[in-house]
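Written below as structure tokens is the structure these notes are about.
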């Protein structure tokens with residue numbers, strides 16, 4: 001049954017990632033992977049809220065936790081896409097953009113989880 005919860009969450013997370021990425025690229029330039037960056041930041045923050053607020057206070061059941069964390073957040077966040085886009089920027093000799101993207105993605109995603117931790121206290 002746990003596999004079903006994870007699978008459903010991952011499907012919804014993947015669809016949400018696809019929608020949000022397309023939405024973001026309607027408003028922000030396509031030369032920089034803003035969609036993936038925003039998705040990773042939101043996903044990191046959401047994961048932090050789920051773990052540090054809902055799970056630590058025992059407000060969600062184990063199946064819901066699996067659905068939301070491994071399922072939805074796992075399907076929503078895009079580390080493999082982040083890796084590909086980083087390599088693409090480097091191969092295109094966009095070294096400054098690649099550096100900004102990598103540093104911003106890692107730092108701000110960690111900050112997102114930490115912010116969720118702080119707000120959950």
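Every number here is computed from the coordinates shown, using simple stated rules; none is lab data. Treat the numbers as computed from the prediction; the structure is a model and nothing was measured. Every residue, glycine among them, receives a Cβ derived from its backbone with ideal geometry; neighbour counts consider all protein chains shown.
The figures follow:
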{"item": "Mean separation of Cα contacts under 8 Å, 6 or more apart, over the residue count of the stretch 40-102: relative contact order %", "result": "34"}
{"item": "The chain - percent relative contact order, Cα under 8 Å, separation 6 or more", "result": "42"}
{"item": "0 to 90° range, to nearest 10: angle between helix 95-120 axis and the chain longest Cα axis", "result": "20"}
{"item": "Residue 57 versus residue 87: modelled label distance in nm, points set 7 Å from Cα along the beta carbon direction", "result": "4.2"}
{"item": "Option label - Cα extents along the principal axes in Å computed here, alternatives (1) 44, 27, 25; (2) 47, 30, 24; (3) 41, 27, 25", "result": "(2)"}
{"item": "The stretch 70-121-the stretch 36-68 distance, computed between alpha-carbon centres (Å)", "result": "17"}
{"item": "Helix-only [θ]222 nm of the chain, DSSP H runs n ≥ 4, -39500 (n - 2.57) each, per residue, nearest 500", "result": "-24000 deg cm²/dmol"}
{"item": "Contour minus Cα-Cα distance for residue 79 and residue 1 (0.36 nm per residue)", "result": "25.4 nm"}
{"item": "Tilt relative to the chain, helix 34-49 - C-alpha long axis, 0 to 90 degrees, to 10", "result": "20"}
{"item": "Helix 2-27 axis, angle to the chain major axis (alpha carbon atoms, nearest 10°)", "result": "40"}
